[in-house]
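Have a look at the structure below before the remarks.
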Amino acid sequence: MTREPTIELNQPVGDRVAKTTCYMCACRCGIDVHIRDGKVRYIEGNRDHPVNRGVICGKGASGIMQHYSPARLRAPMKRVGPRGSGLFEEITWGEALETATKWLKDVRRTDPRKLAFFTGRDQSQSLTGFWAMQYGTPNFAAHGGFCSVNMAAGGLYTFGGAFWEFGDPDWEHTKYLMLFGVAEDHASNPIKAGIGQLKKRQAKVLSVNPVRTGYSAVADEWVGIRPGTDGLFVGALIHELFRTQQVDLDYLLRYTNAAWLVIDAPGEADDGLFARNAEGRALVFDTAGNALASSMDVAAKPALTGRRELPDGRSARPVFELMAERFLSDDYTPDAVAGQTGVPADQIRRIAAELAEVAFREEIVIEREWTDWAGRKHDRMIGRPVSMHAMRGISAHSNGFQTCRMIHVLQILLGTIDCPGGFRYKPPYPKQTPPNLLPHGATGDIRPEMPLGGPHLGFPHGPAHLLLDAEGNPSRLDKAFSWDAPMSAHGLMHMVINNAAKRDPYGIDVLFLYMANMAWNSSMNVPGTLDALTATDENGDYVIPKIIYSDAYYSETVPFADLILPDTTYLERHDCISMLDRPISDPDFIADSIRHPVVQPDRDVRGFQDVLIDLGARIGLPAFTNEDGSPKYPGGYPDYMVHHQRKPGIGPLAGWRGEDGSEFGVGTPNDDQIQRYKENGAFFEHRVAPEHAYFKHANRGYLDWGIEKGIRLSPEPTIFQLYSEPLQRFRLAARGHGERQPPERARDRVERYFDPLPFWYPPFEGSQVDEASFPLHAITQRPMHMYHSWGSQNAWLRQITAANRLYIHRSVGEAIGAADDDWVWLASHLSRIKCQVRLMDGVNPHTVWTWNAIGKRRGAWGLSEDAPESRDGFLLNHLIGELLPEREGGYRFSNSDPITGQAAWFDLRVRIEKAEACDHVEPYFEPLGTGTQPASPGKLAFGAEFRGKAR
Ligand code: SF4
């Protein structure tokens, strides 16, 4: 008898496993990187990690291909040909840093405004922002202004939190999840795992999205809404809840400003503000004492309705009554909104009834004691198991802020914020409402060789907090926190290059970009942006004189820069996903994490954060130098991560603080801190006490614990702002009150859109173009398996999507006589593109869409000249104006939300017509020069060297 051969079934794939944090999208999952002979061989999910618990997605597992991408930059470079030519010369780091130091020092010595420092998908904003603050320029932001600031600001102003990195559905208990405009790439693994959990429990998933892909495809109900009308749909749901009297009045009285009295004094300077007592507390009408009382008086029984007389003889009405009036109006009946939203009235009524049924008749009770902010003990936690999640589909419209507010109002009326089964805050949230972080960078705050007085980005409470010069003009290049976009909490990155080229509001000397593909898929109006990057003055000099760019890859933006600082990949550097920024917490855990070099670079590259800290010391920024002028963090970013203290005891990393590492949150720096993170899988987590797990906004124990751990400033509860007083302050200015008033061009706009109660208005582009000429909406979706531009250097992922098509509803195809793969022209008010179509049923009939950022310019990303990404792939960006359509004699506002300045990508209106077949898309840009980069490999492959190699 022959013996069976012995086969080793479970051979280790590497010599060692290094645990770090993924950077293939913004989810920040924990990964185990298997390394063999110093090379990355395999990446899998870290089973102990709080974000993904071992789950890994296609992008994350393919990080190996991005790490070895042929598009990686190899050494610092200086431009030696015209911008765009790709003619570069490799230089030493010494020369690169000397050049950057000179440029930056000169500007700081004369006028710090002339540096604009903007970062893209930067996960180190607490460092980059701090650096810019130390430098003293007002011109800093990351990419939130074109990503999700409506979502963040809408939530933070309303309930001190927001979706995604700020909170999660209660996956364990929710029975009804509503998703609004959520694409598949964001919060990718946690949402997938969460939806999986809901499916197992047969909870209902309803997705509101014009396109039925990804999460919408697995939802139990798909609402194929018309883009930009979500607010109208939500308004109709609220209408139904009011009409059927199914709102959680007890919850409103406990946690919101529903009973606060709003002064009704038309024409007066405080009309629409809250009536307040001498201590500044908002007033309510106490039905028990039949008198006015402080909103913080826990013995009061506040009235939700009724006009009340104020001590000065004027009258005021509670927020609830004003809100009920608004949403019970005919504007929000299901029948009134059905036509515009494309959602039948009966469906709206049914969904509203389902929400109320689950919230009020299927309530969840957790037998767990807790104490509220006023010291009242509760023996149970009662929850309403309806949760919601929304993302860019809501955010990227010019009505996005108010739409986000409306979604949160819906959640609050149902009593579902931070209760069992509802939405749950992730620590360090919630913050105060309105958030107490104010923006800095007004003209008086900008002085040569001086830091700004505080962080750039914040949350104005009224006109007094705008960043203006003495004449009322914007002090920032992007016009953030000016009358163009008063509450632009993340800046307006989409306006930076175009404003700089027009010297509007002023010219700059140095544009410093990090990881932001502004010459391609991160810009609106790509041809216009390329013109701006190459614009010259009357002397033939570039209008933007110096451009420094740091990235790890040869993207479309590299050839337009003058000085390239090559970054490492995410597997070669330190990084810090900090509590000072947006940590990786879960509702039940407070958590942050690091990256650390798991392999050494084989090129002459340096981690951008190390370079920034080095530059800070060379320039002499106070927080980066010792008194004797020596560098404060000679060990670079890891040194900074451990030793920097933003406030005494509070630094970038919260875990293992104190000399012996026994503290978290607040504690002296610990030299072993990074080692402790590495030993723990590159993350720190601390479980939130069970009695603090819910009602965090009003949970005495959680609020006190937050202060102790340095994540909260105030012991007061977070009170949900159904009615937003900061908005009304801006509106009063537009009505002629106060010292700071909008210029005439912005007066009507502020009056109309700064409504303290959320409301719906049509997206701007649709109302400014001729609808008959541009009858269709055009939007992008983000594929689950690709993330922005990075995916196209990834051979494994390119096998899934190396080109995109324009997806159109079958009826649109029939109307223009187009079948699958036929060519069409798609035109907007700005420009037109030519591409191929695919017909489908799962899309709103008035909407066309495509995958985001698949199209690439020839010469970039290490792709061959005939790569499908360039030949067949296209962007909608070419069609989207960074300014609103031209109006005769009118000032051209940016194509943004008027409140937050969020880029309104999804307002795009188009028309479609069939075109002659051809062999490449239009516009088909000239190939970029590839500088000193190696020629594209004919075939991308990886791993052959490991095959058959004996261990
Ligand atoms: S979802 Fe995927 S790509 Fe994103 S961080 Fe997690 S593993 Fe990485």
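The values are calculated or read from the model by the stated rules, or taken from the named source; none is laboratory data. Predicted model only: the values in this text are computed from it and were never measured. All Cβ positions, glycine included, derive from the backbone under ideal geometry; neighbour counts span all protein chains shown. Ligands, DNA and RNA are stripped out before the accessible areas are found, and what is left, the full protein with its side chains, is counted by its heavy atoms. Shrake-Rupley method; radii C 1.70, N 1.55, O 1.52, S 1.80 Å.
Counting DSSP beta bridges in the stretch 764-914, what percent are antiparallel, to the nearest 5? Before the final figure, lay out each step's value.
Numbers: 14 of 23 bridges.
So the antiparallel bridges amount to about 60 percent of the total.
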Expressed in angstrom and rounded, the centroid-to-centroid distance over alpha carbons for the stretch 197-220 and the stretch 397-474 is 31
Put a dot 7 Å past each Cα toward the Cβ at R16 and R687; how far apart are the dots in nm?
3.2
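Report, in deg cm²/dmol and to the nearest 500, the calculated mean residue ellipticity at 222 nm for the chain, where each DSSP H run with n ≥ 4 adds -39500 (n - 2.57) and the sum is divided by the residue count. Please list the in-between numbers first.
Values: 26 runs with 233 residues, N = 951.
Helix contribution divided over all residues of the chain: -7000 deg cm²/dmol.
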Hydrodynamic radius (Kirkwood) for the stretch 586-681, which is based on Cα pairs only, to one decimal in Å
14.6
Eligible lysines near K200 by straight Cα distance, threshold 21 Å, same-chain separation 8 or greater:
K175, K192
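Using the heavy atoms of the protein chains and a 1.4 angstrom probe, tell me the accessible area per residue for the chain in square angstrom.
Details: 32490 Å² over 951 residues.
About 34 Å² of surface per residue is accessible.
Looking at the stretch 764-914 from every direction and averaging, what is the projected area of its Cα convex hull in nm²? Provide the component values of the computation, followed by the final result.
On the way: hull surface 40.0 nm².
With every direction weighted equally, the projected area is 10.0 nm².
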D37 paired with T534, simple spin-label distance in nm, labels 7 Å along Cα-to-beta-carbon
4.4
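Given charges of +1 on the Cβ of Lys and Arg and -1 on the Cβ of Asp and Glu, with all other atoms neutral, how large is the dipole of the chain about its Cα centre, in debye to the nearest 20?
On the way: 104 positive and 119 negative charges, 238 e Å.
In debye, rounded to 20, the chain gives about 1140.
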I'd like the accessible area for R380, computed on protein heavy atoms only with a 1.4 Å probe and all protein chains in place. Round to 10 Å², please.
100
Cross-link reach from K856 to aspartates and glutamates, straight Cα distance under 13 Å and at least 8 residues apart if same chain, gives E556, E865, D866, E869, D872, E922, E926
Taking only the alpha-carbon positions of the stretch 827-875 and ignoring solvent, what does the Debye formula give for the base-10 log of I(q)/I(0) at q = 0.33 Å⁻¹?
-1.25
Using a 1.4 angstrom probe with every protein chain in place, what is the largest-first accessible-area order of R392, R41?
R41, R392
How much length, in nm to one decimal, is gained on full extension between D820 and A772, taken as 0.36 nm per residue of separation minus their Cα-Cα distance?
14.8 nm
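From largest to smallest, what semi-axes in whole angstrom does the chain give when each is the square root of 5 times an eigenvalue of its alpha carbon gyration tensor?
Numbers: eigenvalues 344, 211, 199 Å².
Equivalent ellipsoid of the chain: 41, 32, 32 Å, largest first.
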Amide H to amide H under 5 Å from V598: which residues, 5+ apart in sequence or cross-chain, H placed 1.01 Å off N in plane?
E572, R573
Plugging the Cβ-Cβ distance of D331 and K199 into 1/(1 + (r/R0)^6) at R0 = 22 Å yields, to the nearest 0.05, a FRET efficiency of 0.05
At R0 = 25 Å, how high is the FRET efficiency between D379 and K301 if r is their beta carbon distance? Nearest 0.05 is fine.
0.70
Sort the stretch 25-137 into rounded, prolate or oblate with this rule: let a ≥ b ≥ c be the square roots of the eigenvalues of the Cα gyration tensor; rounded if a/c is under 1.5, and if a/c is not under 1.5, prolate when a/b is larger than b/c, oblate otherwise.
oblate
Quick check: residue separation of D541 and E913 times 0.36 nm, minus the Cα distance between them. What number comes out in nm?
129.8 nm
Over the Cα atoms of the stretch 188-338, each weighted equally, I'd like the Debye log10 I(q)/I(0) at q = 0.17 Å⁻¹, rounded to two decimals.
-0.97
Using a cut-off of under 13 Å, list every residue of the stretch 261-281 whose amide N is near the label point 7 Å from the Cα of D312 along the Cα-to-beta-carbon line.
263-278
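Would you mind giving the three semi-axes, in whole Å and largest first, of the ellipsoid equivalent to the stretch 804-885 according to its Cα gyration tensor? Walk me through the numbers before you get to the answer.
Numbers: eigenvalues 107, 59, 22 Å².
Working from the Cα gyration tensor, I get semi-axes of 23, 17, 10 Å.
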Pull up the cross-link candidates among the lysines for K709, meaning alpha carbon to alpha carbon under 29 Å and not fewer than 8 places away within one chain.
K19, K377, K426, K431, K632, K647, K678, K696
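State the antiparallel share, in %, of DSSP beta bridges confined to the chain, rounding to the nearest 5.
Working: 70 of 110 bridges.
The antiparallel proportion sits near 65 percent.
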Using alpha carbons only, how many angstrom separate the centre of the stretch 298-328 from the centre of the stretch 663-739?
30
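With r defined as the distance between the Cβ atoms of R350 and R646 and R0 fixed at 56 Å, what FRET efficiency is calculated, to the nearest 0.05? Intermediate values should be presented prior to the final figure.
On the way: r = 50 Å, r/R0 = 0.90.
The formula returns an efficiency of 0.65 here.
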Quick check: Cα centre of the stretch 1-47 to Cα centre of the stretch 163-188, how many Å?
30
In nm, to one decimal, how far is the T244 label point from the R368 one, both placed 7 Å along Cα→Cβ?
3.0
Given charges of +1 on the Cβ of Lys and Arg and -1 on the Cβ of Asp and Glu, with all other atoms neutral, how large is the dipole of the stretch 1-43 about its Cα centre, in debye to the nearest 20?
200
